[in-house]
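The values are calculated or read from the model by the stated rules, or taken from the named source; none is laboratory data. On a predicted model such as this, the values are computed, not experimentally measured, just so you know. In this analysis, Cβ positions are derived from the backbone assuming ideal geometry, glycine residues included, and neighbour counts consider all displayed protein chains.
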Amino acid sequence: MEPQACTPKCLPVRRQDYGTQAWSSAWADKMYPRVDYEKCSGCKNCVEVCPGEVYRIEGDRCYPSHAEDCIECWACVEQCPTQSIQLIDD
Ligand code: SF4
Ligand code: SF4
């Protein structure tokens, strides 16, 4: 059997080789942050660490009001002390 040419669909296994931003713009489905407000403490870490200025403060809560600007760096997920943030792809 002849080997088949590599296609972008085979690249997920090598995601780490391409870097998150380059990967997301080139190949992957767009991901967005989602906050679990049952767990969120309102510390605002996500606002401070987000390079895309995705989050907005309203009262004592932070909302991913500009989720379309997420560059999928995962900083908010990593810096959230209550593990309230997930990146989702739908
Ligand atoms: S993953 Fe990065 S760019 Fe996206 S919302 Fe979190 S901190 Fe902002
Ligand atoms: S970092 Fe987490 S706990 Fe803090 S405001 Fe953002 S979602 Fe809430």
Task: Identity of the residue in region 26-44, of a type in the set (Ser, Thr, Tyr) and assigned to a loop (DSSP other than H, G, I, E, B), that ends up nearest to ligand 2 (Cβ to nearest atom) - done: Ser41
TODO: Please find, within region 59-89, the residue that is farthest from Glu38 (Cα to Cα) out of those that are aliphatic (A, V, I, L, M) and within 12 Å of ligand 2 (Cβ to nearest atom).
DONE: Ala75
Open item on the list: Being surrounded by fewer than 17 Cβ atoms within 10 Å (Cβ to Cβ), assigned to a loop (DSSP other than H, G, I, E, B), touching a residue at least 12 places away in the same chain (Cβ under 8 Å) and at negative phi is the filter here; which residues of region 45-72 pass it?
Closed with: Pro51, Asp60, His66, Ile71
Task: Positions within region 20-56 being at pLDDT below 95, of a type in the set (A, V, I, L, M) and in contact with a Phe, Trp or Tyr (Cβ under 8 Å, 6 or more places away or on another chain), in sequence order - done: Ala26
Open item on the list: I'd like to check something: does region 32-42 contain any residue that is under 10 Å from the mean Cα position of the chain (by Cα), more than 9 Å from ligand 1 (Cβ to nearest atom) and free of Cβ contacts under 8 Å to residues at least 60 places away in the same chain?
Closed with: yes
Task: In region 64-84, the residues that are under 15 Å from Asn45 (Cα atoms), within 11 Å of ligand 1 (Cβ to nearest atom) and either touching a Phe, Trp or Tyr at 6+ places or on another chain (Cβ under 9 Å) or of a type in the set (Lys, Arg) (or both) - done: Pro64, Cys76
